Amino acid sequence: MSEAENRRPLTSRNSAWAARLASWAVTREITPNQISQASMGFAAAGFFLYALSTQGDGLSQFLCLILAAATVQARLVCNLIDGMVAIEGGKGAKDGPFWNEAPDRVSDLLFFAGAGLAAGRPDLGLLAAVLAIATAYIRELGRAEGFPPDFSGPLAKPQRMAVLTAGTAIAALYASEWTLTATLWIVVAGTAITILRRSLTLISKLKTR
């Protein structure tokens with residue numbers, strides 16, 4: 001199965017801004033692996049900002065949470081651009097598959113653990129992180145068995161990150177802990193359904209091949 005066939009279907013990949021950003025990275029010889037590694041840097045910054053938001057209120061809390069929401073989106077931009085540089089830009093490396101996957105798992109852990117701290121529910125944040133990582137495990141297990149990667153939802157990575165971004169932005173304006181707790185419960189419920197759906201699909205495929 002080719003790298004292109006293993007890619008997550010994203011409409012943003014066809015946008016002009018993404019093409020310009022990928023072209024900029026190629027001309028400056030920024031590698032896909034470096035972009036993937038940068039995504040972990042944004043996740044670490046997000047974790048720090050979530051944690052820092054608990055140390056104050058008012059303007060400082062607002063700024064921390066708004067910036068945390070921005071780091072979530074920056075992570076997604078890295079996830080988009082690294083593949084475009086690798087495939088469209090022809091800059092893929094032999095160890096690219098590792099750097100395409102491993103930083104995402106680190107980022108999931110950092111973002112959801114940080115959101116859990118900001119919500120006053122570190123247990124809930126870690127649960128959301130574990131479930132997010134499990135969805136990727138089921139997808140990669142299916143791929144290892146020779147099936148096309150299953151990117152189905154309802155809360156695949158783009159949807160999870162959209163929920164987290166929106167919840168964090170709302171939390172910056174209103175009832176921070178309550179809003180982030182509600183956000184994490186939505187992520188937990190939606191991701192659990194995603195795991196169940198992908199698992200049943202994989203089991204069905206294994207039984208019929």
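List of remarks:
- Unique match (being within 21 Å of THR168 (Cβ to Cβ), among the charged types (D, E, K, R) and open to solvent by less than 50 Å² (accessible area, probe 1.4 Å)) among ARG8, ARG75: ARG75
- Against the conditions (1) farther than 19 Å from GLY46 by Cβ; (2) within 15 Å of the chain's Cα centre (by Cα), LEU200 satisfies every one except (2).
- Of all residues in region 2-48, those satisfying the criterion of being among the aromatic types (Phe, Trp, Tyr) and at pLDDT below 95 are TRP17, TRP24.
- Screening GLY58, GLY41, GLY90, GLY96 for residues that are over 30 Å from LEU180 (Cβ atoms) and open to solvent by 30 Å² or more (accessible area, probe 1.4 Å) leaves exactly one candidate, GLY90.
Yes/no per residue for (1) closer than 21 Å to SER12 by Cα; (2) without any contact (Cβ under 8 Å) to a residue 40 or more places away in the chain; (3) touching a Ser or Thr at 6+ places or on another chain (Cβ under 8 Å):
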position: SER36; (1), (2), (3): yes, no, no
position: GLY56; (1), (2), (3): no, yes, no
position: ALA68; (1), (2), (3): no, no, yes
position: VAL77; (1), (2), (3): yes, no, no
position: PRO103; (1), (2), (3): yes, no, yes
position: VAL106; (1), (2), (3): no, no, no
position: GLY114; (1), (2), (3): no, no, no
position: ALA132; (1), (2), (3): no, no, yes
position: ARG139; (1), (2), (3): no, no, no
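- Of all positions in region 119-139, none carries a residue that is under 22 Å from PHE98 (Cα atoms), open to solvent by 50 Å² or more (accessible area, probe 1.4 Å) and over 19 Å from the mean Cα position of the chain (by Cα).
- Of residues in region 143-161 being open to solvent by less than 30 Å² (accessible area, probe 1.4 Å) and aliphatic (A, V, I, L, M), the one nearest to the chain's Cα centre (by Cα): MET161
- Take the conditions (1) part of a helix (DSSP H, G or I); (2) at pLDDT 95 or above; PRO154 misses just one of them, which is (1).
- The set of residues from region 177-209 being closer than 30 Å to GLU145 by Cβ and among the aliphatic types (A, V, I, L, M) comprises VAL187, VAL188, ALA189, ALA192, ILE193, ILE195, LEU196, LEU200, LEU202, ILE203, LEU206.
The values are calculated or read from the model by the stated rules, or taken from the named source; none is laboratory data. These figures come from a predicted structure and were not determined experimentally. No Cβ is skipped: glycine too gets one built from the backbone with ideal geometry, and neighbour counts run over all protein chains shown. The protein model used for the area step is the full one, side chains on, heavy atoms only, and it has no ligands, DNA or RNA in it. Shrake-Rupley method; radii C 1.70, N 1.55, O 1.52, S 1.80 Å.
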